[in-house]
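The values are calculated or read from the model by the stated rules, or taken from the named source; none is laboratory data. Source: prediction; values computed, not measured. Note: ideal-geometry Cβ built from the backbone for every residue, glycine included; neighbour counts use all protein chains shown.
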Amino acid sequence: MNPCKIPTAVEDKEGDNRWISIHNRFLSETREKDADVVFIGDSVIQALQHCEAWNELFAPLHCLNFAIHRDKIENVLWRLKNGELDHIQPKVVVLHVGTNNHRNTPEEICDGILELIDIIREKLPEVYVVIPTLLPRGQYPNLIRDKLSKVNDLLGEKLVCKPKIEFIKIDSGFVLPDGSISHHDMYDYLLLTNSGCRKAFRPVHELLVQLLNEGELEKDLSPLD
């Protein structure tokens with residue numbers, strides 16, 4: 001069986017229960033806050049919340065950020081099956097996870113992401129799901145970067161013309177002509193700097209504004225009871 005499709009809680013190797021504590025905080029936020037957009041994912045999405053671009057672009061859109069450092073697809077799958085979408089009704093879910101599954105095959109990673117989309121759709125049938133492409137990583141060309149690029153190709157094929165699913169390219173402009181990635185975009189060649197966040201996620205912001213406005217227009221045009 002594809003390990004990416006087996007819901008898996010993170011083992012508490014450090015002994016401080018941080019992962020499950022963060023998950024429980026997310027559960028509390030679903031009961032305490034209304035959100036139009038929920039971001040779900042791993043380190044890249046978690047770090048986004050600490051960039052200037054988050055306050056500038058996403059906080060005004062009433063967003064929640066349910067991302068945990070180093071999470072893999074199977075960890076996010078466990079979280080979604082254990083309540084993180086159960087008490088909220090967002091209009092859009094942004095899902096970005098997979099870079100930490102680099103030991104899996106591109107096909108396994110792609111199928112794991114598709115499983116996450118199915119769970120989101122099961123819990124929130126009317127929500128828009130936005131899937132940004134996985135970002136390149138490593139200062140110079142490497143096998144993991146090639147694998148993640150293949151995942152993007154597979155997702156592009158699988159998600160084409162799917163209703164209420166938007167697959168959006170955010171990985172352009174990071175790889176320079178010599179194949180390298182600048183530390184000005186990714187300070188550790190994985191996580192984004194402030195300028196890198198703007199470069200990657202400004203297209204996501206533009207898409208979210210469009211989707212949220214479409215939702216308001218549909219509401220305005222709906223027949224009165």
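The figures follow:
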{"item": "Matching residues, the stretch 169-190, being surrounded by 15 or more Cβ atoms within 10 Å (Cβ to Cβ) and either under 23 Å from residue 60 (Cα atoms) or of a type in the set (D, E, K, R) (or both)", "result": "170, 171, 185"}
{"item": "Matching entry among 86, 42 (being charged (D, E, K, R), surrounded by fewer than 23 Cβ atoms within 10 Å (Cβ to Cβ), within 11 Å of the chain's Cα centre (by Cα) and at pLDDT 95 or above)", "result": "42"}
{"item": "Residue 220 in a loop (DSSP other than H, G, I, E, B) and either modelled with pLDDT of 95 or more or not aliphatic (A, V, I, L, M) (or both)", "result": "no"}
{"item": "Condition check for residue 37: touching a Leu at 6+ places or on another chain (Cβ under 6 Å), under 23 Å from residue 130 (Cα atoms), touching a residue at least 60 places away in the same chain (Cβ under 8 Å) and buried (at least 21 other Cβ atoms within 10 Å of the Cβ)", "result": "yes"}
{"item": "All positions within the stretch 104-163 that are among the basic types (Lys, Arg) and more than 23 Å from residue 186 (Cα to Cα)", "result": "121, 123, 158, 162"}
{"item": "Residue in the stretch 10-26 that is nearest to residue 88 (Cα to Cα), counting only those that are assigned to a helix (DSSP H, G or I) and without any contact (Cβ under 8 Å) to a residue 60 or more places away in the chain", "result": "26"}
{"item": "Set 211, 191, 135: member being in contact (Cβ under 8 Å) with a residue 12 or more places away in the chain and in contact with a strand residue (DSSP E or B) (Cβ under 6 Å, 6 or more places away or on another chain)", "result": "211"}
{"item": "Pairs where the first residue, in the stretch 93-107, is small (Gly, Ala, Ser) and the second is assigned to a loop (DSSP other than H, G, I, E, B), C-beta under 6 Å, 6+ apart", "result": "98/134"}
{"item": "Scan of the stretch 135-190 for residues that are among the charged types (D, E, K, R) and assigned to a strand (DSSP E or B), ordered by number", "result": "166"}
{"item": "Any hit, the stretch 41-63, residues being under 20 Å from residue 190 (Cα atoms), of a type in the set (S, T, N, Q) and part of a helix (DSSP H, G or I)", "result": "yes"}
{"item": "Residue within the stretch 121-129 that is within 30 Å of residue 177 (Cβ to Cβ), of a type in the set (Lys, Arg) and not in a loop (DSSP other than H, G, I, E, B) present", "result": "no"}
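A quick yes/no check of all residues on (1) touching a strand residue (DSSP E or B) at 6+ places or on another chain (Cβ under 7 Å); (2) among the aromatic types (Phe, Trp, Tyr); (3) farther than 20 Å from residue 191 by Cα:
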position	(1), (2), (3)
77	no, no, yes
93	yes, no, yes
96	yes, no, no
99	no, no, no
